[in-house]
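Structure first, then comments.
The values are calculated or read from the model by the stated rules, or taken from the named source; none is laboratory data. Since we're looking at a predicted model, the values are computed, not measured. Here Cβ is always computed from backbone atoms with ideal geometry, including for glycine, and neighbour counts include all displayed protein chains. The accessibility values were calculated without ligands, DNA or RNA, using every heavy atom of the protein model including side chains. Shrake-Rupley method; radii C 1.70, N 1.55, O 1.52, S 1.80 Å.
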Amino acid sequence: MVLGSRNRKISTLSRDTKNWELNKMSSADEPLYPIAVLIDELKNDDIQLRLNSIRRLSTIARALGEERTRRELIPFLSENNDDDDEVLLAMAEELGVFIPYVGGVEHASVLLPPLETLCTVEETCVRDKAVESLCRIGSQMRESDLVEYFIPLVKRLAAGEWFTARVSACGLFHIAYASAPETSKTELRSIYSQLCQDDMPMVRRSAASNLGKFAATVEYPHLKADVVSIFEDLTQDDQDSVRLLAVEGCAALGKLLEPQDCVAHILPVIVNFSQDKSWRVRYMVANQLYELCEAVGPEPTRTELVPAYVRLLRDNEAEVRIAAAGKVTKFCRILNPDLAIQHILPCVKELSSDSSQHVRSALASVIMGMAPVLGKEATIEQLLPIFLSLLKDEFPDVRLNIISKLDQVNQVIGIDLLSQSLLPAIVELAEDRHWRVRLAIIEYIPLLASQLGVGFFDDKLGALCMQWLQDKVHSIREAAANNLKRLAEEFGPEWAMQHIIPQVLEMSNNSHYLYRMTILRAISLLAPVMGPEITCSNLLPVVVAASKDRVPNIKFNVAKVLESIFPIVDQSVVEKTIRPCLVELSEDPDVDVRFFSNQALQAIDHVMMSS
């Protein structure tokens, strides 16, 4: 059958699938839209309907069968490239997983033409998705089909008149090269070299960003001779956007080359890049430098990379210092402790009082990890003062980052020293004006409690845990209630009965209804930990009393709490206490109170019936 216009094609597909749809709808594994409707939607003026149909291409393909999908649907999609970008993006994504619908890998080549067309469109995200789908299909294709269909496709794109085709081609070489015959491999290396010298910066950027993947497939002699030469050309590009992508290639090539070749070809480049005139290039170096240390070995790291890293830590641009500060622990792990103390630690001290709050924040997020690297003595002498200064930083994110990693320091210096030096600062932060800082402290309390032990905790931190239940911020009160539950789990019901329950119950009469709601939440969390006996004797009476509250929000929360704790207690308690309370609430004037109390009653009835 020769298909004509777009509308004629779709009408034909639609008509021929109606009988299939009628026969299959009753026995299908999943409820499907009528297939004919889906096909008709491909020509609709409404973009949302076209998008819906494209996303259900697999359904249409199953309706048509493998042969007609190859013969009619795929050619139609090849021509349907003038659509909205969102539709084209969906099409590129769908075709990537379409091999089963065209008859398996032996027919995978029929999917290449529509994706080749999508690789040339102007919208970047469509091209990227088309390249991703081509790589997925190419990785499954038979070697003979790769040579016959995929490699010519890559060559056509690389020779494309419009730059978009050449940009897309760069992302396909690593798939094509591995299965290419020797003559084609030579040609592919030559073509890639030409793309790296393309007139359009966008093409050179794509070649630079994909160089690592391509290099990983190239044989070692050609890697040294050809790929390194290509890489050196990219590192001298006049566009900083190309050079910064070449930095990523440094790390990728460094892992592929022998140490001596890495020192000869990659090390000079990275040292020069660390002093590049563009801060964006230096930023990329700061992010990648630690990866190169393992590739070049200890001696070049000490003589060349450590000075380069120190320069980056003291860079004029805050963005570069942020990137370098964020990698300080990873870099120190590669060095021996003496080198780290001698060269890196002085820079860390400077960064802890940096003028940029974002630099200090980046440092605070990783500096605690330096403690295991430097050891106990250096941590106590050198790092503890820095920790304390960052804990008192005026910027809340800096304080948060330090708090969240305290356990790493505890492992090195021990809890006694930690409590003497850092605990006063932690107690001070518990009343911080920024609620997120208070929240971070609350979430750290159970871990701190397990490290400090019950006696120390009662003396220093017990009162804080009750204080947070009456915080002005809901998230803090919610976290405080969860905190009590975790503490009860850590120290046991007997401790909780002595130190938590009496104070919680005392707060149940607070004049502010929001605080009374927090107490109900705390009771619902504590009940499973405390067990049925304490729940019935101490917690349940408070909940039942709260059902008489004048505020509807309290009453429907009572219903929620009763629903959560009834599985814990005996059936007799449910019938004598919980059910009568819920029945009374189910007749409340407030609609929400009635809803939640009836929901709780239904839950009780359901459990009783099933048991």
The residue from Asp233, Asp240 that alone is more than 18 Å from Tyr309 (Cα to Cα), acidic (Asp, Glu) and either crowded, with 22+ Cβ neighbours inside 10 Å or more than 31 Å from the chain's Cα centre (by Cα) (or both) is Asp233
Within region 270-290, identify whether any single residue is under 30 Å from Lys392 (Cα atoms), crowded, with 22+ Cβ neighbours inside 10 Å, modelled with pLDDT of 80 or more and β-branched (Val, Ile, Thr), and answer yes or no.
-> no
Restricting attention to region 197-227, which residues are closer than 20 Å to Asp240 by Cα and either open to solvent by 10 Å² or more (accessible area, probe 1.4 Å) or not hydrophobic (A, V, I, L, M, F, W, C) (or both)?
-> Gln197, Asp198, Asp199, Met200, Pro201, Met202, Arg204, Arg205, Ser206, Ser209, Asn210, Gly212
Identify the single condition in (1) open to solvent by 60 Å² or more (accessible area, probe 1.4 Å); (2) over 29 Å from Leu406 (Cβ atoms); (3) not polar (S, T, N, Q) that Leu540 does not satisfy, given that it satisfies every other one.
-> (1)
Answer with yes or no whether Leu115 is among the hydrophobic types (A, V, I, L, M, F, W, C), open to solvent by less than 10 Å² (accessible area, probe 1.4 Å), closer than 24 Å to Thr183 by Cα and in a helix (DSSP H, G or I).
-> no
Criterion violated by Val551 - all others in (1) open to solvent by 60 Å² or more (accessible area, probe 1.4 Å); (2) closer than 23 Å to Phe595 by Cα satisfied | (1)
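Considering only residues that are part of a helix (DSSP H, G or I) and farther than 20 Å from Lys213 by Cβ, look in region 157-195 and name the one that is nearest to the chain's Cα centre (by Cα).
Residues of region 157-195 part of a helix (DSSP H, G or I): 157-158, 163-170, 173-178, 182-195.
Filter again for farther than 20 Å from Lys213 by Cβ, leaving 163, 182-183.
Values: Phe163: 33, Glu182: 41, Thr183: 43 Å.
Across region 157-195, the extreme among qualifying residues is Phe163.
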For region 582-599, does any single residue satisfy the condition of being in contact with a Lys or Arg (Cβ under 9 Å, 6 or more places away or on another chain) and without any contact (Cβ under 8 Å) to a residue 12 or more places away in the chain?
-> yes
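Going residue by residue through region 437-451, is there one that turns out to be more than 35 Å from the chain's Cα centre (by Cα), of a type in the set (Gly, Ala, Ser) and either under 28 Å from Asp570 (Cβ atoms) or open to solvent by 10 Å² or more (accessible area, probe 1.4 Å) (or both)?
The answer is no, given that none of the residues of region 437-451 is more than 35 Å from the chain's Cα centre (by Cα), of a type in the set (Gly, Ala, Ser) and either under 28 Å from Asp570 (Cβ atoms) or open to solvent by 10 Å² or more (accessible area, probe 1.4 Å) (or both).
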Write out, first by first residue and then by second, each pair whose Cβ atoms fall under 9 Å of each other, whose residues are 6+ apart or on separate chains, and whose first residue, in region 62-78, is farther than 18 Å from Arg50 by Cβ and open to solvent by less than 50 Å² (accessible area, probe 1.4 Å) while the second is of a type in the set (Gly, Ala, Ser) and outside any helix (DSSP H, G or I).
-> Thr69/Gly103
Hey, can you tell me all the residues within region 393-407 that are outside any helix (DSSP H, G or I) and either among the aromatic types (Phe, Trp, Tyr) or modelled with pLDDT of 80 or more (or both)?
-> Asp393, Glu394, Phe395
Give the residues of region 314-327 that are over 26 Å from Leu257 (Cβ atoms) and either in a helix (DSSP H, G or I) or in contact with an Asp or Glu (Cβ under 8 Å, 6 or more places away or on another chain) (or both), sorted by residue number.
-> Arg314, Ala318, Glu319, Val320, Arg321, Ile322, Ala325, Gly326
Please determine, by comparing only the residues of region 369-404 that are among the acidic types (Asp, Glu) and surrounded by 16 or more Cβ atoms within 10 Å (Cβ to Cβ), which one is nearest to Trp435 (Cα to Cα).
-> Asp397
Filter result for Asn287 (polar (S, T, N, Q), in a loop (DSSP other than H, G, I, E, B) and more than 19 Å from Pro259 (Cβ to Cβ)) = no
Leu447 farther than 22 Å from Lys555 by Cα, touching a residue at least 40 places away in the same chain (Cβ under 8 Å) and among the aliphatic types (A, V, I, L, M) | yes
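Checking the conditions here, which among Glu86, Glu106 is of a type outside the set (A, V, I, L, M, F, W, C), more than 12 Å from Met141 (Cβ to Cβ) and out of contact with any Ser or Thr (no Cβ under 6 Å at 6 or more places or on another chain)?
Answer to the check: Glu86.
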Out of Val296, Val310, Val271, Val281, which single residue is touching a Phe, Trp or Tyr at 6+ places or on another chain (Cβ under 6 Å), under 30 Å from Leu363 (Cβ atoms) and of a type in the set (A, V, I, L, M, F, W, C)?
-> Val281
Please state which one of Thr124, Thr120 is surrounded by fewer than 15 Cβ atoms within 10 Å (Cβ to Cβ), among the hydroxyl-bearing types (Ser, Thr, Tyr) and at pLDDT 85 or above.
-> Thr124
Output yes when any residue across region 430-442 is among the aromatic types (Phe, Trp, Tyr), under 30 Å from Ser389 (Cβ atoms) and in contact (Cβ under 8 Å) with a residue 12 or more places away in the chain, and no when none is.
-> yes
May I ask you to verify whether Arg311 is open to solvent by 30 Å² or more (accessible area, probe 1.4 Å), more than 26 Å from Ser389 (Cβ to Cβ) and assigned to a helix (DSSP H, G or I)?
-> no
Quick one: count up the residues across region 316-363 that are open to solvent by 50 Å² or more (accessible area, probe 1.4 Å), within 22 Å of Trp279 (Cα to Cα) and within 29 Å of the chain's Cα centre (by Cα).
-> 6
So the helices (runs of 4 or more DSSP H) completely within region 205-276 holding 1 or more residues that are more than 21 Å from Val296 (Cβ to Cβ) are 228-235, 240-256
Do we find a residue being in a helix (DSSP H, G or I), open to solvent by 20 Å² or more (accessible area, probe 1.4 Å), touching a residue at least 12 places away in the same chain (Cβ under 8 Å) and farther than 17 Å from Arg477 by Cβ anywhere in region 498-520?
-> yes
Counted residues, region 484-504 - those being within 36 Å of the chain's Cα centre (by Cα), under 16 Å from Arg521 (Cα atoms) and of a type outside the set (D, E, K, R) | 3
Scan region 460-497 for residues that are open to solvent by 10 Å² or more (accessible area, probe 1.4 Å) and aromatic (Phe, Trp, Tyr) and report the count.
-> 2
